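Colleague: The following block contains the structure, expressed as structure tokens.
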Amino acid sequence: MEALLNTFEDKKTDMVFYNGDMVSHVPNVEMLFDGFVNSSIERFAKQTPFYLVRGNHETRGIFATRFLDYFPTPTGKTYFTLKHGNVFFIILDGGEDKPDIDLEYYETAVYDQYRREEAEWLKKVVESDDCKNAKYRIVLMHMPPIGGKNMWHGPKYSGELFLPILNKANITVMLSGHTHRYSYDTPETTDANF
């Protein structure tokens, strides 16, 4: 965490995005604050805002249901948009990588339905004037919706739902995490045309 925060010594940073899995699970609010919020406040967040793209690990733990209490969004959902200068940000939530019936959730998860609702919202977003008129359109989503036949349920389903919409929206770039490795994928190597 410290190495990451050292990159924000520059006072010209307008905002910071954390692209999910900032903690391994959320059993209580202390996990969030001890995990990264306190360090962020100490280093930059008193003057520079940060946004947390929800990762699949932020969906785990009894306190995960309180995510929006600490990281509110304009939509009241974990997916939202943000306009900054000539950049239009689309923040998506791929939910959990496991199927809803996985033992992790004891059959209480409804991420498939959540993603379907999100896809309907996304269709409207990409048709908005803010999106269409932006010079750059940047999508942030923790789990990349690409990766071929070895993808788990969540990223695969997100790709099936979101990529057809995003492929028509002249997206500049998508930034993701989740895989714990650096890769740069292009339209030539994926189903995404961005």
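The values are calculated or read from the model by the stated rules, or taken from the named source; none is laboratory data. In this text, all values refer to a predicted model and were calculated from it rather than measured experimentally. Positions of Cβ are generated from backbone atoms using ideal geometry, with glycine treated the same way; all protein chains shown enter the neighbour counts. For accessibility, only protein heavy atoms count, side chains too; no ligands or nucleic acids. Shrake-Rupley method; radii C 1.70, N 1.55, O 1.52, S 1.80 Å.
Colleague: Lysines near K168 by alpha-carbon distance under 16 Å, same-chain residues fewer than 8 away left out - which ones?
Modeller: K123, K124, K132, K135
Colleague: Work out how much length L103 to S183 would gain on full extension: take 0.36 nm times their residue separation and subtract the Cα-Cα distance, in nm to one decimal. It would help to have the intermediate numbers written out before the result.
Modeller: Numbers: separation 80, 0.36 × 80 = 28.80 nm, distance 3.04 nm.
My answer for the length gained is 25.8 nm.
Colleague: How far is it, in nm, from the label point at K83 to the one at K123 when both lie 7 Å from their Cα along the line to the Cβ?
Modeller: Between K83 and K123, the simple spin-label model gives 2.3 nm.
Colleague: Taking amide hydrogens as modeled 1.01 Å from N in the peptide plane, which residues meet the under 5 Å criterion relative to F88, leaving out close sequence neighbours?
Modeller: Y136, R137, I138
Colleague: Here's a follow-up. Could you list which residues have their amide H under 5 Å from that of M174, counting only those 5 or more apart in sequence or on another chain, with H placed in the peptide plane?
Modeller: V139
Colleague: Could you tell me whether region 28-96 comes out rounded, prolate or oblate from its Cα gyration tensor? Rule is a ≥ b ≥ c as square roots of the eigenvalues, rounded for a/c under 1.5, then prolate if a/b exceeds b/c, otherwise oblate. Could the numbers behind the result be given before it?
Modeller: Details: a/c = 2.24, a/b = 1.15, b/c = 1.94.
Oblate shape, in that a/c is at least 1.5 and b/c is the bigger or equal ratio.
Colleague: Shifting gears a bit: Collect residues whose amide H, placed 1.01 Å from N in the peptide plane, falls under 5 Å from the amide H of F50; neighbours closer than 5 in sequence don't count.
Modeller: Result for F50 returns V16.
Colleague: When the Karplus curve 6.51 cos²θ - 1.76 cosθ + 1.60 is applied with θ = phi - 60°, which whole-Hz ³J(HN,Hα) does each residue of region 164-174 get, with x for Gly and Pro?
Modeller: Computed from phi, the couplings for region 164-174 are x, 6, 5, 5, 9, 9, 6, 5, 7, 7, 10 Hz.
Colleague: Right, next: Ordering M151, M143 from largest to smallest accessible area (1.4 angstrom probe), what's the sequence? Spell out each step's value before the answer.
Modeller: Values: M151 45, M143 5 Å².
So the residues, ranked largest to smallest area, are M151, M143.
Colleague: Cα gyration tensor of region 55-194, axes a ≥ b ≥ c as square roots of the eigenvalues: rounded (a/c below 1.5), prolate (a/b > b/c) or oblate?
Modeller: Because a/c hits 1.5 or more and a/b fails to exceed b/c, region 55-194 counts as oblate.
Colleague: Just check region 11-59 against the gyration tensor rule for me: Cα atoms, a ≥ b ≥ c as the square roots of the eigenvalues, rounded for a/c under 1.5, and otherwise prolate or oblate depending on whether a/b exceeds b/c. Display every interim value, and only then the final one.
Modeller: Working: a/c = 3.41, a/b = 1.63, b/c = 2.10.
Cα axes put region 11-59 in the oblate bin.
Colleague: Excluding ligands, DNA and RNA, what is the solvent-accessible area per residue of the chain at a probe of 1.4 Å, expressed in Å²?
Modeller: Result: 56 Å² of accessible area for each residue.
Colleague: Give me the percent of the accessible area of region 56-194 that comes from carbon and sulfur atoms, probe 1.4 Å, all protein chains in place.
Modeller: Values: 4170 of 7830 Å².
Carbon-and-sulfur percentage of accessible area, whole number: 53.
Colleague: HN-Hα J couplings of region 58-67 from phi, Karplus 6.51/-1.76/1.60, θ = phi - 60°, integer Hz, Gly and Pro as x?
Modeller: 6, 8, 9, x, 5, 8, 4, 5, 9, 3
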